[in-house]
Amino acid sequence: MSHSPWLILVIAYERESVEYLITTPENGQFAATFLFAHGAGAGMDHAFMTAVAQGLAAEGIRVVRFDFPYMVKRREDGKKRPPDRQPKLLVDFQRHIDHFSPQGPLVIGGKSMGGRMASLMVTEAAASAPDVHNCQDKVCGVACLGFPFHPPGKPENFRGDHLKTIAVPTLILQGERDTFGTRSEVEGWSYADTVTLSFLPDGDHSFKPRKVSGFSEAGNLAQAVDVLARFIRQCVSN
């Protein structure tokens, strides 16, 4: 994977400034932008996020990362806090989509919670939050890395009903052992024809396999980047 440095970009909105981490191909040219949201427990500069961003940049794709409001506050005061409620997360996601969608083909997605929020942004479920609209017309595709189908050990609390009707091309990259949705569970549910499933061998929620499996974390991340890059290019070409 490339180790291209990222650019820190600060955008001034009406009431505040927002910091982005932007990873761009070395030649400065890119076929599409991937707006990449973090998971519930770690921010935009987490090692997993960085590895995926660098890998995609090496494949000619610009990656834009951002922190949700609760993570911004955590960085400011050092206090751990739970994620914002879904309506606030969706409102925040929408402003990032609105900013980057005019700049060229845009695919949105994220790790775990971030991927789920991205998938909600292109469905009617987004309309349930005040000041949020369906962003289907602004994005080419959605990619979810480790989709949180249910809390670990609580499959009855299913969170993927909107994937049965999602109209935008959607990729779900899932570790085979992911406690938020194992391969056997994920393959047993119904999805819209727009949804593609791809599994990382023996991977957990962060795609990390067990040593005894014969697979490696680096290998699974490289596979994830390859599948994701091909998906993004396909979204752009359609």
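The values are calculated or read from the model by the stated rules, or taken from the named source; none is laboratory data. What you are looking at is a predicted structure, and each value in this text was computed from that prediction instead of being measured. FYI the Cβ positions are ideal-geometry reconstructions off the backbone, even for glycines, and counts take in every protein chain you see. Remember, those area values only see protein heavy atoms, side chains included, never the ligands or the DNA or RNA. Shrake-Rupley method; radii C 1.70, N 1.55, O 1.52, S 1.80 Å.
Mind putting a number on the dipole of the stretch 41-132 about its Cα centre? Charges go on the C-beta only, +1 for Lys and Arg and -1 for Asp and Glu, and I need it in Debye to the nearest 20.
On the way: 13 positive and 10 negative charges, 77 e Å.
Around 360 debye, computed over the stretch 41-132.
Once the mean 1/r over all distinct Cα pairs of the stretch 190-234 is inverted, what Kirkwood radius in angstroms do you read off?
11.6 Å
Fully extended, how many nm does the chain gain between residue 197 and residue 137 (0.36 nm per residue separation, minus their Cα-Cα distance)?
Stretched fully, the residue 197-residue 137 segment lengthens by 19.3 nm.
Need one value: the accessible area of residue 194 in square angstrom, 1.4 angstrom probe, rounded to the nearest 10.
We get 40 Å² for residue 194.
Using only the heavy atoms of the protein chains and a 1.4 Å probe, how would 20, 191 rank by accessible area, largest first?
On the way: 20 0, 191 50 Å².
Largest accessible area first, the list is 191, 20.
Is it possible to state the helix-based mean residue ellipticity at 222 nm for the chain, with each DSSP H run of 4+ residues giving -39500 (n - 2.57), the sum divided by total residues, to the nearest 500 deg cm²/dmol? What is it? Don't skip to the answer; put the middle values down first.
Details: 6 runs with 71 residues, N = 238.
The helix contribution divided over the chain gives -9000 deg cm²/dmol.
Express in Å², to the nearest 10, the accessible area of residue 156 obtained by rolling a 1.4 Å probe over the protein heavy atoms while all chains stay in place.
Counting only protein heavy atoms, residue 156 exposes about 130 Å² to solvent.
So which residue, out of 127, 37, 57, gets the largest mean-square fluctuation from a GNM of the chain using Cα contacts under 10 Å as springs?
Looking only at 127, 37, 57, the biggest GNM fluctuation is shown by 127.
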